[in-house]
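The values are calculated or read from the model by the stated rules, or taken from the named source; none is laboratory data. The shown structure was predicted, so the numbers you read here are calculated from the model rather than taken from an experiment. Here the Cβ positions follow ideal geometry from the backbone for every residue, glycine too, while neighbour counts run over all protein chains shown. These area figures cover heavy atoms from the full protein model, side chains too; ligands, DNA and RNA do not enter into them. Shrake-Rupley method; radii C 1.70, N 1.55, O 1.52, S 1.80 Å.
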Amino acid sequence: MSDTNASHDSGAQNPPHDVAVLGGGSFGTAMTKVLGENGHRVHFWMRDQAQADEIRKTGINSRYMPGVKLEGDIEPTTDLAGAVSKAEVVFVAIPSKAFRAVIREHSNDFRDGQIVVSLTKGIEEHGFKLMSEILQEEIPRCQIGVLSGPNLAAEIAARDLTATVIAAKDPDVRRAVQDLLGCEYFRVYANVDVYGVELAGALKNIYAIVAGLASALDMGENAKAMLITRGLAEMSRFAVSLGANPMTFMGLAGVGDLIVTCTSSKSRNFRVGYAVGKGQNLDEAVKELGQVAEGIYTLKLVKEKSESIGIYMPLVRGLYEILYGTASIKAVINSLMMAVQNSDVEFILPRTISQ
């Protein structure tokens, strides 16, 4: 099932609700801005008291979104239990490395049937768990959803036209999120393939690093298009082997998110790849970025997982050799060009190699 059911009307026309956003980074801030402008009361949780104080006084989160004013009924707080207890719907924008620890520590603060939606595009190291799976394990009594898509935080904050996907098994969860977030510039489509939508959001970060490398090397537009579409073939092949619906990758969470992350210098993962392509080592590139580029962690996990289940992922393997091994970028690209010329679109022609 692909993206269906665009939100029908502006969130601002709906009655105001109490919602919580957990995580004071750029995406958490962007969602807080949308929710606040749609007339909802937002309990905006972050660890850093100074950051919360700044937002309360100035309406600006200067570390992650300098110059962007948060309007509406927004309550910055460092009290997670208080934020969750007041909220009908909780949006979680905590980096994947800290995601489980925070949810587990506060699992008793969530209510039976409360809607909890992950905004985090990442994979947990131990056991290859996605964020929705962590929520299911830690707070199984809640109703779980996932938000993903071609959603650069800075553009959402600037009210640029954007579409996203809410994936949830329960139609009430999908409808609630569409009503909360939908407005004249932010369109919310629905999907039932939670695993596919979430896996697409995590996997595309790897290919954004590859695209950043290609851009730094001044590769042509044809080559960039090749890398993006072969990336799509690779990530869908991997995801479907784990149970995702292949059609999900034709939608916003798949090809949509892949395009924006692989072509925009606003993408953190693209910027890391670009810096490495220009000669920086990985640690320098990450330090300069100053924010989490989830693709760096995801790359290691996907390489291990794909090898353990026997899925052929030459771009993943090549990027791993560049970032963590001693391979040169040119050598890896040459080896990709020498690989067997296989079927163009996965799931149409049988594969001619088993690697």
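Here the chain is assigned +1 on the Cβ of each Lys and Arg and -1 on the Cβ of each Asp and Glu. Its dipole about the Cα centre then comes out at about 680 debye. The label point for Phe128 and the one for Met226, both projected 7 Å from the Cα toward the Cβ, are 2.9 nm apart. Note that region 225-293, at 20 °C in a medium of 1.002 mPa s, gets a Stokes-Einstein diffusion coefficient of 161 µm²/s from its Kirkwood radius over C-alpha pairs. Taking 0.36 nm per residue of separation and subtracting the current Cα-Cα distance, fully stretching the chain between Leu242 and Glu288 would add 13.1 nm. Between the helical axis of 96-105 and the longest alpha-carbon principal axis of the chain there is an angle of about 40 degrees.
Pairs from the table (Lys69/Lys224; Lys57/Lys169; Lys224/Lys305; Lys69/Lys129; Lys224/Lys303) lying more than 29 angstrom apart at Cα are Lys69/Lys224; Lys57/Lys169; Lys69/Lys129. Here region 18-123 is assigned +1 on the Cβ of each Lys and Arg and -1 on the Cβ of each Asp and Glu. Its dipole about the Cα centre then comes out at about 380 debye.
Under a 5 Å amide H cut-off, with hydrogens placed 1.01 Å from N, Ala163 pairs with Arg187 among residues at least 5 apart or on other chains. Apolar share of the accessible surface for the chain: 52 percent from carbon plus sulfur atoms, 1.4 Å probe.
Couplings 3J(HN,Hα) of region 49-61, computed from phi: 4, 5, 5, 4, 4, 4, 5, 4, 7, 10, x, 10, 9 Hz, in residue order, whole Hz [Karplus 6.51 cos²θ - 1.76 cosθ + 1.60, θ = phi - 60°; x for Gly and Pro]. Region 80-115 and region 174-246 have their alpha-carbon centroids 26 Å apart.
With Cβ to Cβ distances under 15 Å as the rule, what net charge do the other residues near Phe110 carry (K, R +1; D, E -1)? In short, -3. Ordering Leu180, Leu147, Leu135 by Cα displacement along the dipole of region 108-183 toward the positive end leaves Leu180 in first place; charges were set at the Cβ atoms of Lys, Arg (+1) and Asp, Glu (-1). Normalising the Debye intensity of the chain to I(0), with uniform scatterers on Cα atoms only, and taking log10 at q = 0.07, 0.11, 0.15, 0.16 Å⁻¹ returns -0.28, -0.71, -1.29, -1.44. Mean sequence separation of contacting Cα pairs (under 8 Å, at least six apart), scaled by the length of the chain, corresponds to a relative contact order of 16 percent.
For the chain, the solvent-accessible area of protein heavy atoms averages 42 Å² per residue (probe radius 1.4 Å; ligands and nucleic acids excluded). Lys300 sits with roughly 80 Å² accessible to a 1.4 Å probe, with DNA, RNA and ligands left out of the calculation. Compared with the dominant principal axis of the Cα atoms in the chain, helix 268-277 is inclined by about 30°. Among Tyr207, Tyr274, Tyr185, the largest mean-square fluctuation in a Gaussian network model of the chain (Cα springs under 10 Å) belongs to Tyr185. Principal-axis analysis of the Cα atoms of the chain puts helix 171-181 at an angle of about 80° to the longest axis. Connecting C-alpha atoms closer than 10 Å in a GNM of the chain, tell me which of Gly28, Gly201, Gly113 has the biggest fluctuation. Top of the fluctuation ranking is Gly113. Think of it as helices only: each DSSP H run of n ≥ 4 in the chain is worth -39500 (n - 2.57), and spread over all residues that comes to -14500 deg cm²/dmol at 222 nm. Amide H contacts of Ser118 (H built 1.01 Å from N, in plane; Pro and chain starts excluded): Val92, Gly145, Val146, Leu147 sit under 5 Å, all sequence-distant by 5 or more or on other chains.
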